Amino acid sequence: YVAYWCPHCHEQKLLFGKEAYQIINDNSKVECASDSPNGKPELCKAAKIESFPTWVINGKSYSGVQNLEELANITGYTGPKNFKYFR
């Protein structure tokens, strides 16, 4: 869950690298800002989102910027973990 005006959301997307930034920006999020053309504030309200970014993984919420290693651990990712971008 993100808001287009949120600097922490921008920072989170950058951790995935410029190659993935546009894909994430276009597809892999729920925009919570009501003034965004793609905004879905009703979904954010229903999910009780109070801060951005918020990840919901396996039914648990994680607020704020998450580093890639932590996201890998939370999701059960078992591939290579030599991530290029760190926080």
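The table that follows gives values for the structure above.
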{"read-out": "Exposure proxy order (Cβ contacts within 10 Å, fewest to most) of ILE49, ILE23, ILE74", "value": "ILE23, ILE74, ILE49"}
{"read-out": "Nitroxide proxy distance, nm - points 7 Å out along Cα→Cβ at ASP26 and THR75", "value": "1.9 nm"}
{"read-out": "Additional length obtainable on full extension of the chain from ALA47 to ASN67, 0.36 nm per residue less Cα span", "value": "4.9 nm"}
{"read-out": "Proximal lysines relative to LYS45, as straight alpha-carbon distance under 17 Å, when same-chain residues fewer than 8 apart are discounted", "value": "LYS29, LYS60"}
{"read-out": "Option label - Rg and Dmax of the Cα atoms in Å computed here, alternatives (i) 31.7, 83; (ii) 13.1, 39; (iii) 11.4, 33", "value": "(ii)"}
{"read-out": "Listed residues ASN38, ASN73, ASN25, most fluctuating in the chain (Gaussian network, C-alpha, under 10 Å)", "value": "ASN73"}
{"read-out": "Separation in nanometres of the label points that stand 7 Å from Cα toward Cβ, at SER34 and HIS8", "value": "2.1 nm"}
{"read-out": "Computed over the chain: relative contact order in percent, which uses C-alpha pairs under 8 Å that are six or more apart", "value": "31 percent"}
{"read-out": "All aspartates and glutamates inside 14 Å of LYS13 as judged from Cα atoms, apart from same-chain residues fewer than 8 positions distant", "value": "ASP26, GLU31"}
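Readers should treat all values here as calculations from the given coordinates under stated rules, not as data from a laboratory. Predicted model, so just to flag it, every value in this text is computed and none were measured. When we count neighbours, we look across all protein chains shown, and the Cβ atoms used for this are built from the backbone with ideal geometry, even at glycine.
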